[in-house]
């Protein structure tokens, strides 16, 4: 009788431990993708210059004026989470940013993949966003473009992975 009681306690303890483990692991794969939050791209933005000083990327031209900025980190994760902080992105000749709303767009190879919802850019050139965008299963040569929300035919800043802005973009 004593062995049966001990066996029940051990069985119950094992079942509770298994349930706790299952519930603590499940949220990481709640979307069913099995994808992780590892970084696809972690880089600093750099303001664009008129072509040819800045390259055409995935068919998107650099803006027509030179742009500069302070430290501005970008991180895109494999699961689609994107974090962008823009500091001091301005046109030096104007001393400010004439753009008030921007998007961050992921580029994989020569393809535009996903963009954030538009977010505010102050006249001092400051803005930030945390969003979730579409990320393909395989992303070669990832880059992020900062584009005016009202004119997605150009970009005003960019960030590149380790491979940099190659001619194959």
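Any read-out appearing in this document is the output of simple, stated calculations on the displayed coordinates, not a laboratory observation. Remember, it's a predicted structure, so these values are computed and weren't measured experimentally. Every residue, glycine among them, receives a Cβ derived from its backbone with ideal geometry; neighbour counts consider all protein chains shown.
Inter-label distance, residue 138 to residue 56: 2.6 nm, where each label sits 7 Å from its Cα along the C-beta direction. In this rough spin-label picture, where each label sits 7 Å from Cα along the Cβ direction, the residue 38-residue 81 distance is 1.6 nm. Take the Cα of residue 130, step 7 Å toward its Cβ, do the same at residue 94, and the gap between the two points is 3.0 nm.
With Kirkwood's inverse mean 1/r over C-alpha pairs for Rh, give me the Rg to Rh ratio of the range 53-99, two decimals please.
Working: Rg = 13.2 Å, Rh = 12.7 Å.
Taking Rg over the Kirkwood Rh, I get 1.04.
With neighbours defined as other Cβ atoms within 10 Å of a residue's Cβ, the residues 140, 78, 162 order from fewest to most as 162, 140, 78. Each eigenvalue of the Cα gyration tensor of the range 39-160, multiplied by 5 and square-rooted, gives one semi-axis; in descending order these are 22, 16, 12 Å.
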